[in-house]
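Reading through the structure tokens given below for one structure.
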Amino acid sequence: MLRHFVGKNCKLFKRHDFIFRGIHTTNYLAKIVQFKLADIGEGIAEVEMKEWYVKPGDKVNQFDNICEVQSDKAAVTITSRYDGVVKNLHYQTGSLVKVGAFLLDIETDAVEEESSSEVSNVADSVEEAKEARKNQQKEEETVISKDGSNESGHARALATPAVRRISMENKVDLSKISGTGKDGRVLKEDVLRFIGKIPQLDSSKTSSSSSPSQSAAASPIHITPGKDQTVPVRGYTRAMVKSMSEALKIPHFGYDDEIHFDNLMKLRSSLKHIGKERDIKLSYMPFIIKATSMALSKYPILNSSVDEKFENMIYKASHNICLAIDTPGGLVVPNIKNCEQKTIWDIAEDLKRLQEAGKKQQIRPEDLSGGTFTLSNIGAIGGTYAIPIIFPPQVAIGAIGKVQKLPRFDKDDNVYPAHIVKFSWAADHRVIDGATIARFSNLLKEYLENPAFMMTELR
């Protein structure tokens with residue numbers, strides 16, 4: 001019947017071609033989009049589906065939380081790129097998902113802003129419109145290199161042309177935005193989050209929705225008597241398997257010593273009221289981290305790494321000190337960046353942030369990369385001495401025992417109670433000799449036993 005009507009009124013359609021186009025674009029706009037798991041960087045090839053925040057039939061908007069996935073290094077919240085209705089979920093909780101696989105199907109009636117201008121100029125057929133979208137998507141995925149020139153003036157930031165356009169429209173300097181994409185790429189969400197159009201990553205929605213998975217991860221495994229149980233290796237444990245397997249190739253040199261904490265305890269006690277004013281619980285760790293950084297400045301070989309062929313030593317300019325943190329999902333080793341440039345209060349703030357993120361299993365990928373030296377505060381759980389294992393490609397690590405009140409002799413042979421903490425060091429004996437680690441330990445001991453001397457060395 002439509003064909004008969006068109007035949008009789010062809011002149012009308014020649015004059016009002018937009019009527020015919022309206023019929024065809026309706027088919028294009030209402031469609032099912034298959035939502036892919038994008039590359040989340042750090043060389044991650046697959047992740048575990050940790051928790052879904054949506055179910056079939058739910059309406060979602062751009063940047064709404066879709067799900068949370070757990071890689072070997074961190075938990076990552078995936079957000080929607082479309083407005084629409086969830087039609088189907090392709091994976092169950094606990095499943096492994098390859099990067100590039102389809103996560104879910106979304107029915108959407110909105111065409112992305114980036115491709116809408118091209119769709120209006122394409123032919124009437126749906127196939128040609130889809131081809132235009134593919135071409136546009138390829139253009140969006142082209143990333144401008146760090147040293148490339150561009151008209152926006154943000155030559156040092158990684159971003160797609162669409163993201164650069166948004167930054168220019170909002171007069172935002174991309175170099176001031178911390179990118180969450182691969183290799184620090186600035187995403188559209190990063191720009192909108194920077195200008196306040198969408199909530200920050202630590203919003204109440206993200207925190208509240210992550211609590212079920214946190215409690216699930218923390219729940220113990222119940223063993224049925226007489227029945228073995230197979231549990232897949234997931235999350236942070238998988239990363240530990242890889243790093244510790246590499247560590248077995250390193251010949252470790254161990255060194256232990258004890259440090260008197262009496263003077264440090266007095267200093268910490270005198271600063272507690274300032275910590276309360278700043279809402280920071282001042283533990284001993286910020287002092288230890290800062291003293292370690294100062295000692296590393298005197299013995300930079302301990303803050304180095306070796307290239308893959310073991311031909312060159314790479315001395316690191318920054319002291320990115322890693323801290324082994326026990327989380328519900330297993331051991332994770334984030335780091336505090338540039339400790340050599342930070343005050344004890346700065347380090348305390350960073351430490352607080354990492355500990356809170358660890359409890360929620362929301363440590364950012366950038367906090368897990370770039371570490372140069374590691375400290376493990378095993379004494380927070382218990383124990384005195386430890387045998388720490390080097391975290392490749394680093395060349396040294398330290399373990400800190402608990403504070404003990406023990407009898408010691410003063411210079412006049414009188415017994416007095418002393419607060420003692422035992423430090424255990426391990427170094428890669430291929431590149432570091434015993435004398436170096438001993439001198440480093442002696443200097444750190446002098447800093448912590450005489451905080452006034454440490455203060456005189458601060459820059």
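The values are calculated or read from the model by the stated rules, or taken from the named source; none is laboratory data. Computed from a prediction, not measured in an experiment: that's the story for all the values here. All Cβ positions, even for glycine, are placed from backbone atoms using ideal geometry, and neighbour counts span all protein chains on display. Calculation scope for accessible area: heavy atoms of the full protein, side chains included, ligands and nucleic acids excluded. Shrake-Rupley method; radii C 1.70, N 1.55, O 1.52, S 1.80 Å.
A few comments on the model shown:
- Of the residues making up region 22-38, one or more are open to solvent by less than 50 Å² (accessible area, probe 1.4 Å), under 30 Å from residue 330 (Cβ atoms) and modelled with pLDDT of 80 or more.
- Every condition in (1) under 34 Å from the mean Cα position of the chain (by Cα); (2) closer than 19 Å to residue 283 by Cβ holds for residue 387 except the one numbered (2).
- Within region 260-278, being acidic (Asp, Glu) and either at pLDDT below 95 or open to solvent by 60 Å² or more (accessible area, probe 1.4 Å) (or both) holds for one residue alone: 277.
- Scanning region 369-385 for residues that are open to solvent by 50 Å² or more (accessible area, probe 1.4 Å) and outside any loop (DSSP other than H, G, I, E, B) yields 378, 380.
- Region 220-273: number of residues that are more than 25 Å from residue 331 (Cβ to Cβ) and small (Gly, Ala, Ser): 3
- Residue within region 417-430 that is open to solvent by less than 80 Å² (accessible area, probe 1.4 Å), on the phi < 0 side of the Ramachandran plot and part of a loop (DSSP other than H, G, I, E, B) present: no
- Filter result for the condition that a residue is under 32 Å from the mean Cα position of the chain (by Cα), at pLDDT 95 or above and more than 22 Å from residue 287 (Cβ to Cβ), over 435, 396, 427: 427
- Flag if residue 8 is within 22 Å of residue 329 (Cβ to Cβ), open to solvent by 40 Å² or more (accessible area, probe 1.4 Å) and modelled with pLDDT under 80: no
- Residues of region 151-166 that are modelled with pLDDT of 75 or more and farther than 17 Å from residue 62 by Cβ: 164 alone.
- Per-region count, region 387-416, residues over 22 Å from residue 318 (Cβ atoms) and surrounded by fewer than 21 Cβ atoms within 10 Å (Cβ to Cβ): 17
- Residue 386 vs. criteria at pLDDT below 95 and touching a strand residue (DSSP E or B) at 6+ places or on another chain (Cβ under 7 Å): yes
This table checks each residue for (1) open to solvent by 70 Å² or more (accessible area, probe 1.4 Å); (2) modelled with pLDDT of 80 or more; (3) assigned to a helix (DSSP H, G or I).
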residue: 192; (1), (2), (3): no, no, yes
residue: 199; (1), (2), (3): yes, no, no
residue: 202; (1), (2), (3): yes, no, no
residue: 222; (1), (2), (3): yes, no, no
residue: 227; (1), (2), (3): yes, yes, no
residue: 238; (1), (2), (3): no, no, yes
residue: 249; (1), (2), (3): yes, yes, no
residue: 258; (1), (2), (3): no, yes, no
residue: 280; (1), (2), (3): no, yes, no
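- Where strands (runs of 3 or more DSSP E) fall entirely within region 301-368, those with at least 2 residues that are surrounded by 16 or more Cβ atoms within 10 Å (Cβ to Cβ) and in contact with a helix residue (DSSP H, G or I) (Cβ under 8 Å, 6 or more places away or on another chain) are at 321-323, 325-327, 330-332.
- Cβ-Cβ distances below 6 Å connect the following pairs, each with a first residue in region 337-366 that is over 21 Å from residue 294 (Cβ atoms), a second residue that is among the hydrophobic types (A, V, I, L, M, F, W, C) and assigned to a loop (DSSP other than H, G, I, E, B), and a separation of six or more residues or different chains: 357/363; 363/74; 365/74.
- Yes/no for residue 287 being part of a loop (DSSP other than H, G, I, E, B) and among the aromatic types (Phe, Trp, Tyr): no
- Within region 437-454, one or more residues are open to solvent by 40 Å² or more (accessible area, probe 1.4 Å), outside any helix (DSSP H, G or I) and over 28 Å from residue 310 (Cβ atoms).
- The one condition from (1) more than 20 Å from residue 82 (Cβ to Cβ); (2) β-branched (Val, Ile, Thr); (3) modelled with pLDDT of 75 or more that residue 143 does not meet is (3).
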